[in-house]
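To start, the structure under review is shown below, and the notes come after it.
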Amino acid sequence: MKKFIKIFLISLLSLLGVLVVAISVVIWIVFTPARITPIVRKQAAKYITCKSEIGSVELTFFSTFPNFGLKVRDFALINPVTGSMSDTLVRVDELVGVVDAKAYWKRKDIILIGLVMNGGSVNIYSDSLGHTNYNIMPPDTNPAPAAATKTELPFIDIRNIEVKDVSLRYNDLSLKLNTVIRNLSAKINGKVSRDSISGNVTVNTSMISIEYTKEKLNTEIRDLSAKINGTVILDNMSGNIKVSSSMISLDYGGEKYLQQAAVQFDLPIDINTSRQFIKLKNATASINDMELLLNGTIENDTVSKNISTDLTYKLASWPVKNIIALVPPSYKSYFNGTDVDGLLSSDGSIKGIYNGSHMPLMDMHLLFEKGTLKYSAFTLPLHDVDGDLRIYTDLNSDSLSYVRINRFTAKTPQSNISTEGMVTHLFKDITCNLTTSAGLTLDEFNSMIPQSMKTTIRGKASGQVKSRFTMSQVEKMQFEKMKLSGSITLSDFDVKYDSISLKTDRSKIDFALPDNNPLSKNTGFVFASIISDNITAGKLASYNASLKKSSLILETSDIRDTTRIPDIICSFSMDSMLAGMDDMAIAIASPHGKVSLSPGSVHSDQPHISLSYNSGELKTVMGKTTATVNKISTDLDISNDNTQKDIFLQWLVKGYVDLNQGLITMSELTQKIEIPSVKMDFDPETFSIKESSMKIGKSDFQLTGNLNNVLSYFRGDSILRGKFNFVSNKTDVGQLMALTSGMGTYDSTSVNKYENTTVDTAITGPYMVPKKIDVILNANVKLATMGVDTATNIKGAVQVHDGILLLDGLTFDTPAARMKLTAMYSTPRKNHLFLGIDYHMMDVEISELLTMIPDIDSLMPMLRSFGGRGEFHIAAETYLDSLYNVKKSTLRGAASIKGNNLVLMDGQTFSEIAKKLRFNKKTQNKVDSLSAEFTIFRNEIDIYPFLIVMDKYKAVIAGRHNFDMTFDYHVSVVDCPLPIKLGVDIKGNEDNLSYKLAKCRYAQYFRPTARHEVENKQLELRKMIRETLAEKVKE
Amino acid sequence: MIINQFIIKSAEMMKKTLRYLTMLTVITLLAVSCTKEDVTYDQTLLTGKWQSGTLFYKYLANGTGGTWDTADNVTEAEAQAFTWTLVKDLLTQIHVLQMGGSVPKIYTVTELTATSLKYHDNFGKSFSFTKVGK
């Protein structure tokens, strides 16, 4: 066996050696380049019309083993055409071709085993008229064959076509296309049969430049490495295009769309050319390492001119910065001031028909992760920006299209925000339906507030807002059409605006726009509820307020509508409220209530306000004035009449007030004002006090009654009328007068006629009686004091009538007597005050009378000399200055005194008179009767002659004394034991009286038949004085 | 002698008698001459405004009037009312009180001309006025 093998191998090697020798002889001796080259040149000339250059042609075997090949060196086709960059059409350094001659000889199959083009250039040119430099074939002179029923491709097997380092230029001026390919290396193999083509192409080139000036398209591809393989069977093409490395620059229309972009793609693709159908199978494409995965089909229906798509895609983790880098320069401005990064992933599908009016349905899922964003207008950098959204659209129909935001979150250094929801109506009016949550640290937003606003904000705000709005609504600020609701919680919130501050430890704000459950049909625009543990607000060195555990519920109509009065309903409650300003402060426990504002029912331009308020203890301090109320309840209904100029008339109030346990302390009052209870109803015309009790110092009273015509009074249409019942156990009249001093009065001499019209409890001037007021106070006072005077059981009416204070028929008891007093006090002007009295004292003890009314001693000093009881009537009036000093020139008065069984008090005056008249020293000083009248006129007091009967004497006394206490009296003894009538003149003053006997001046005074005319006149006057005084008592 | 003496005495007595009669006549005449005569003044002269220092009186023809004293910061418009009568030389002013009642004042006029008014009361207090207006 070994021997056989040995012989076989030796034979085989010998055969091979002979074969090699034979081939070598053929190549190097028979078919030398010198012999072949001329043959080729000759044959080439037959097929090529242009000039050709062939350096050498040689037969190869060993380099193309096991086939023979033909190697051509320095091959060139020269076809100069005007305009062409070069006259050389093709120049090849080396061209090697290997063809399977046996196959072609036996089966007519063209099997190109190898074609290698090594080094060279191709320059293809076509001018604008279609003259080309590649039209180098001679015209076909053979007659055209008869129409073939069917042309079949010969079988072609391209085993290997290889191009190395070839430059290609194609310049077509008619197409305005200029293409340059440099350093092209390519490998092509494939087969072409009668009904199929299959092959592989591998291409590498250092640069491809395509300039398509018609469309202003410039493309440059560098370092292209591509592989194409596939099969064409009739209309069906199946293959794969793979570009593994390339750097592409693309200019289109002057815009640089790509700049050295690394483009790779791998496209497994099936194509049906008759259907214009393309199917991608896991195709991938990437730009700058951003990979896109495509699957699906595209078909162009040339009949219906529809492009049917059924594609799915997927991209994963595309760096947003890289995406933005691909944005053409002219669009870069949209990103000015924006620095954004992150990873974008997406998957989805594109299905449906595309034509001029229809777009396929796109279902895209976008995922944005690890994003960052810096925006110059938003000074806070965002990080951890994550988004998950789905875009579903046909780019045409609002009914189909939407964007669903499954999740969007972002964080600032200290805050976070997230939102989710739907965006619909993408093409007409974008509609958002979003739910947004946020946790904001407000401190970091201070940098966004302009310094000119002098505002700082601190604390945290967190909450959730649901919103539904359209972009047009936002642009037009149509809040009435939006739906916004949410809840926001403020923690350690502190905002300062200039010197104004607002703080809250924790507040929760709920709001809804619109209000789905409004309290009234007009307050459905917005609802807000603010619940706070503690709120403090204030202005530095000015005012401050603090609310604890407060709740505020607000509903309004659209308050932006300035053409109408808004409807507002506000309910409030809180544990306590404190407020202060300057030296004023107020503290309220448990205030709660409701305020509503609405247009007037008759005149819609006139606001109507209603207030319902209740609170516990209320304390106020204003300077040295304090007020405390244990409980307040009020219900007010306030209407506006904007046709009025006076603000008091503009606001008409109706309602009630209920106060309990009030206490007022005022620096101007030495005593506290206690208000056990006040219940009053009021409307614009009527003020009705149902119940009121008050204690002022030593005074206490209950006041009930009505005040009418209040509105008419302030309109100037009517007098203010009132009727009250005043019941008091004890009343200090002086204090009450001080409380109402000065209302509605003015001094005619004052420049400002409204001067001194405000109520001023400080007694800084005279008491000015209110004008245009008719108020009756039916008084029932058990004990009243005014200065040192006291009175009990005071019953009567106190009336204020248009500037006049009238005590009308007031009856009362004093220690001296039962009295009746009518007094009038009016104040025409501040320094001209009228005081008049009509005073009747029945059965009065004269000494008590003098004690009670010391001024009577000045008027009638002789009364000091009498003791006992009598009756006294006086009517007097005078004007006073602003300090209540009597203007003596205006003093007028008339008085009458009558008494029986009086005792003439022993004294120096009586002794002197008795001595002069020779009275019996044993005579008792009893005066049987006394009836005297006197008048006061300015500083003169005239005592009209009156008769006194004492013992066996009758005397008439008359005279005058003045306020300077000088006297001029005369005593006529008209009846005495002596047969003479004596008279005594008493003149001088209290310290120096002179007593002189004189003629008995009134000897016949009480004898009618003997009276003279003057005496009659005096008696008439006495009668007139007495009767006019006595009439008052009868009344 | 005796006759002469008688005559002389009678003459002396006659002289005394005549002296007494003369004295009586003189006294009688004096007495008669001292009796107050009725004086009547024209009350139309009284109407008008009269001033005495700061004190003013205004008499109106209808028997009413007013008085005021500017020293007490009272103006004419604020004058206090009275009624007046002038009967012969007796001027009666009745000042009417707003509260009811009246205060009569009686004066005796001693001079009343177109420009001057003088009167006194029963207590010897005199007043002198000058007319300052109608």
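Some points to look at:
- Applying the criteria of a DSSP loop state and at most 10 other Cβ atoms within 10 Å to the trypsin sites (Lys or Arg not before Pro) of region A:593-661 yields A:Lys624, A:Lys645.
- Cβ-derived FRET efficiency at R0 35 Å, A:Asn901 paired with B:His120, nearest 0.05: 0.35
- Counting every other Cβ atom within 10 Å of each residue's Cβ, A:Cys1000, A:Cys570 order from fewest to most as A:Cys570, A:Cys1000.
- For chain A, the longest principal axis of the Cα atoms and the long axis of helix A:1013-1034 meet at an angle of about 50 degrees.
- Cβ-based exposure ranking for A:Val984, A:Val340, in which fewest neighbours within 10 Å come first: A:Val340, A:Val984
- 3J(HN,Hα) from dihedral phi, region A:195-200, Karplus parametrisation 6.51/-1.76/1.60, rounded to Hz, x for glycine, proline: 10, 8, 9, 9, x, 9
- Length-normalised contact order for chain A - Cα pairs under 8 Å, 6+ apart - percent: 2
- Other protein chain Cβ atoms within 10 Å, averaged over every residue that makes up B:102-111: 5
- Descending by average beta-carbon neighbour count within 10 Å, the peptides A:61-74, A:8-21, A:800-813 line up as A:800-813, A:61-74, A:8-21, the highest first.
- Using alpha-carbon coordinates, inclination of helix A:2-25 to the longest axis of chain A, degrees: 90
- Remark: region A:438-447, residue by residue, has Karplus-estimated 3J(HN,Hα) of 8, x, 10, 8, 5, 4, 6, 8, 4, 5 Hz, where x stands for each Gly or Pro and the curve is 6.51 cos²θ - 1.76 cosθ + 1.60 at θ = phi - 60°.
- Estimated inter-spin distance, A:Lys187 and A:Ser499, nm [label 7 Å along Cα→Cβ]: 8.9
- With a simple spin-label model that places each label point 7 Å from the Cα along the Cα-to-Cβ direction, the separation between A:Asp384 and A:Asn67 comes to 6.8 nm.
- Computed from phi, the 3J(HN,Hα) profile of region A:209-219 under the Karplus parametrisation 6.51, -1.76, 1.60 (θ = phi - 60°) reads 10, 10, 10, 10, 5, 4, 9, 6, 10, 10, 10 Hz, with x in place of Gly and Pro.
- The long axis of helix A:33-47 is offset from the longest Cα principal axis of chain A by roughly 60 degrees.
- Of all lysines in the structure, the ones whose alpha carbon falls short of 17 Å from that of A:Lys820, not counting any fewer than 8 places away in one chain, are A:Lys782, A:Lys795, A:Lys898, A:Lys1032, A:Lys1034.
- From the alpha carbon centroid of region A:59-93 to that of region A:649-723 is 124 Å.
- Panel order for A:Thr625, A:Thr393, by other beta carbons found within 10 Å of each beta carbon, from fewest to most: A:Thr625, A:Thr393.
- Separation of the A:Asn406 and A:Asp510 label points, Cα + 7 Å toward Cβ, nm: 3.2
- Förster radius 35 Å - calculated FRET efficiency between A:Ala316 and A:Gln260 (Cβ-Cβ, nearest 0.05): 0.90
- Relative to its Kirkwood radius, the Cα radius of gyration of region A:234-338 gives an Rg/Rh of 1.06.
- Using R0 = 41 Å, the C-beta based FRET efficiency linking A:Ser128 and A:Met471 works out to 0.20.
- For chain A, calculated [θ]222 nm from helices alone, where every DSSP H run of n ≥ 4 adds -39500 (n - 2.57): -3500 deg cm²/dmol
- Basic side chains Lys and Arg get +1 at the Cβ, acidic Asp and Glu get -1 at the Cβ, and with that the dipole of region A:263-408 about its Cα centre reaches some 160 debye.
- Cα-based values for region A:21-146, radius of gyration first and Dmax second, are 17.2, 57 Å.
- Nearby lysines by direct alpha-carbon distance to A:Lys305 (threshold 27 angstrom, same-chain neighbours under 8 apart not counted): A:Lys214, A:Lys279, A:Lys281, A:Lys351
- Here region A:548-612 and region B:90-117 have alpha carbon centers that stand 70 Å from each other.
- Projecting the alpha carbon convex hull of region A:466-554 along each direction and taking the average yields 7.5 nm².
- Whichever lysines have a C-alpha closer than 20 Å to that of A:Lys454, once near sequence neighbours (fewer than 8 apart) are set aside: A:Lys496, A:Lys503, A:Lys539
- Rg/Rh for chain A stands at 1.45; both radii use Cα atoms, and Rh follows the Kirkwood definition.
- Which listed pairs, of A:Lys549/A:Lys624; A:Lys481/A:Lys594; A:Lys645/A:Lys723; A:Lys695/A:Lys830; A:Lys830/A:Lys888, have C-alpha distances above 24 Å, in listed order: A:Lys549/A:Lys624; A:Lys481/A:Lys594; A:Lys645/A:Lys723; A:Lys695/A:Lys830
- Counting, for every residue in B:62-73, the Cβ atoms of other protein chains within 10 Å of its Cβ and taking the mean gives 3.
- Peptide B:83-96 shows a mean partner chain C-beta count of 1 within 10 Å per residue C-beta.
- Distance between the C-alpha centres of region A:478-509 and region A:306-383: 36 Å, rounded to the whole angstrom.
- Extension reserve of the A:Ser345-A:Glu617 stretch, reckoned as 0.36 nm per residue once the Cα distance is removed: 91.4 nm
Since every read-out is calculated from the coordinates, none of them should be taken as a lab result. Note that this is a predicted model, so its numbers are computed, not measured. Backbone-built Cβ (ideal geometry, glycine too); neighbour counts: all protein chains shown.
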